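Report on the following structure.
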């Protein structure tokens, strides 16, 4: 029997880190599907998955809760309203905005790094374990539903549906890691079988 410890569940660590942010910013809505952040980076946000990226997403969450339009150009350009909320959450930005993404490239300020140090360390360990676990995949590894839909774990999204007819676009490998549950009917989203597939 192996004595190696199972890597922490990344989705649970993301949910816990989000809850840590909510402790300081109670108006931040709950994170509906932490799994949706796993396995993809956002070119608009300019960050791979990290605590800094999570805090960036929290800025968008608070903006939504306040009814503030914090981006334009299909979500690519982060405006000064985004920046104002980012500063409340402990994120800094150089003085001048980026020509195409605005103030999206925010970084943790020293006070936020101190405040969230235990959270950052915990999430970094989970991300490292996740990276090690997924790096072990080989072309012959079974990847569940992702393999049937031609995704190797990259950022290609497909439609997943639930019993009440709602749908989301999701990276198949993300859905294979843990269910994403519909807030309407409480059933998990699933990728429909392709009719006529071999």
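Just so it is clear, none of the values below were taken in a lab; they were calculated from the coordinates. Just so we're clear, the structure is a prediction, and the values are computed from it rather than from any experiment. Cβ: placed from backbone, ideal geometry, glycine included. Neighbour counts: every protein chain shown.
For the range 10-135, just say rounded, prolate or oblate: build the C-alpha gyration tensor, square-root its eigenvalues into a ≥ b ≥ c, call rounded for a/c under 1.5, and beyond that prolate if a/b exceeds b/c, oblate if not. Note, shape of the range 10-135 comes out prolate.
Packing around the peptides 69-75, 52-58, taken as the average count of other Cβ atoms within 10 Å per residue, puts them in this order, highest first: 52-58, 69-75. In the range 57-101, which residues have a backbone nitrogen under 19 Å from the label point lying 7 Å from residue 117's Cα in the Cα-to-Cβ direction? Within reach of a label on residue 117, which here means backbone N under 19 Å from a point 7 Å along Cα→Cβ, the range 57-101 contributes 90-91.
Rounded to the nearest 0.05, the FRET efficiency derived from the C-beta distance between residue 92 and residue 178 at R0 = 45 Å is 0.85. Computed on the range 10-135, with alpha-carbon pairs under 8 angstrom and 6+ residues apart, the relative contact order is 26 percent. From most to least packed by mean Cβ count within 10 Å, the peptides 13-25, 117-129 give 13-25, 117-129.
For the pair residue 30 and residue 187, the difference between a 0.36 nm per residue extended length and the Cα-Cα distance amounts to 54.7 nm.
With R₀ fixed at 45 Å, the C-beta to C-beta distance from residue 23 to residue 167 puts the FRET efficiency at about 0.85.
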